[in-house]
Amino acid sequence: MKIEIYSDYACPFCYIGEKRLEKALAAIPDADKIEVVFKSFELDPTASKNVVSNTVDRFAEKYGLSKTEAADRIEQISLMGRREGIDFKYATTQYTNTFDALRLTKFAQDKGHTEIIGKLFDAYFTKNLELADFDVLKKIAAECGLDSNEVAEVLNSDKYAAEVRADEREAAMLGIHGVPFFIIGEKYTLSGAQPTQIIKQAIEDYISETALDGMTCGPNGCRFDG
């Protein structure tokens, strides 16, 4: 079974959704047999590689709010994150382009180091680091046990750029306009940072239904297990 998550590191609800998925999986027997795949979705492909604005001002401008209203809304989102056990510091995030962080994630997943996803979210929303900074990305990659020379080669090239763009084209074809967006077993979809119980129920429903399907054959071949 596979769960795909379209996500971006600059998205607060994506971090919250990732934590809720983690909790849902922890409550499901044999969850280690479920493959979770992070799929790229840039919220702002035009974002600068340098910090050019603060979070409150950017939020206020984007949503037509006063700075006070924007700060209150940001704090409400941060409280949601804290309820999930995250030391959420949304108001002081350092907003930059996330494309290289997404490329690095593709590389890390190829190497089996999926823990980098949580570390990159933590770097942005808890430590308030710049995810366009190669030194930041290299340090996080090293913490995950990735080879430093290979990481440098990826970051200093366009490697995995095509894979990120492929995810984004796929998202467009699927009509995905917002993240997080979950695809469970290529059958169920969930949009947004749904409550843990809803995510858990969707996974259990899929497991239950595929178990009942049994061994079947169709035009595309035979299925040997649920």
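Report every pair of residues separated by at least 6 positions or lying on different chains whose Cβ atoms are under 7 Å apart, first residue within segment 181-198 and under 17 Å from Gly81 (Cα atoms), second open to solvent by 40 Å² or more (accessible area, probe 1.4 Å) and in a helix (DSSP H, G or I).
Correct list of pairs: Gly192/Phe13; Ala193/Phe13; Thr196/Lys23.
Each row is one residue, and each column tells you yes or no for (1) open to solvent by less than 80 Å² (accessible area, probe 1.4 Å); (2) in contact with a helix residue (DSSP H, G or I) (Cβ under 7 Å, 6 or more places away or on another chain); (3) at pLDDT 95 or above.
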position	(1), (2), (3)
Ser66	yes, yes, yes
Asp72	no, no, yes
Leu79	yes, no, yes
Arg83	no, no, yes
Ile86	yes, yes, yes
Lys89	no, yes, yes
Asn97	yes, no, yes
Leu102	yes, yes, yes
Ala108	yes, yes, yes
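Need the failing condition index for Cys144 against (1) open to solvent by 70 Å² or more (accessible area, probe 1.4 Å); (2) at pLDDT 95 or above; (3) in contact with a helix residue (DSSP H, G or I) (Cβ under 9 Å, 6 or more places away or on another chain), just the number.
Unmet for Cys144, out of (1) open to solvent by 70 Å² or more (accessible area, probe 1.4 Å); (2) at pLDDT 95 or above; (3) in contact with a helix residue (DSSP H, G or I) (Cβ under 9 Å, 6 or more places away or on another chain): (1).
Looking only at residues in segment 194-226 that are open to solvent by 60 Å² or more (accessible area, probe 1.4 Å) and part of a loop (DSSP other than H, G, I, E, B), which one is modelled with the lowest pLDDT?
For segment 194-226, the residue satisfying everything is Gly226.
Before we move on, is Ala10 among the small types (Gly, Ala, Ser), open to solvent by less than 30 Å² (accessible area, probe 1.4 Å), outside any helix (DSSP H, G or I) and more than 19 Å from Ile198 (Cα to Cα)? Walk me through how you get there before you give the answer.
Details: among the small types (Gly, Ala, Ser): yes; open to solvent by less than 30 Å² (accessible area, probe 1.4 Å): yes; outside any helix (DSSP H, G or I): yes; more than 19 Å from Ile198 (Cα to Cα): yes.
Taking the combined requirement at face value, the residue satisfies it.
Identify, from the list Ala142, Ala171, the residue that is assigned to a helix (DSSP H, G or I) and free of Cβ contacts under 8 Å to residues at least 40 places away in the same chain. If you could, list the steps in order and put the result at the bottom.
Working: Ala171 fails: free of Cβ contacts under 8 Å to residues at least 40 places away in the same chain.
The unique qualifying residue is Ala142.
If Val151 meets every condition in (1) of a type in the set (Val, Ile, Thr); (2) within 24 Å of Lys2 (Cβ to Cβ); (3) in a helix (DSSP H, G or I) apart from one, which number is that one?
(2)
With respect to the numbered conditions (1) open to solvent by 20 Å² or more (accessible area, probe 1.4 Å); (2) touching a Phe, Trp or Tyr at 6+ places or on another chain (Cβ under 7 Å); (3) β-branched (Val, Ile, Thr), which one is the sole condition not fulfilled by Thr55?
(1)
The values are calculated or read from the model by the stated rules, or taken from the named source; none is laboratory data. Everything numeric in this text was worked out from a predicted model, so none of it was measured. Counting neighbours? That spans all protein chains shown, and the Cβs are built from the backbone with ideal geometry, glycine included. These accessible areas exclude ligands, DNA and RNA; they are computed on the full protein's heavy atoms, side chains included. Shrake-Rupley method; radii C 1.70, N 1.55, O 1.52, S 1.80 Å.
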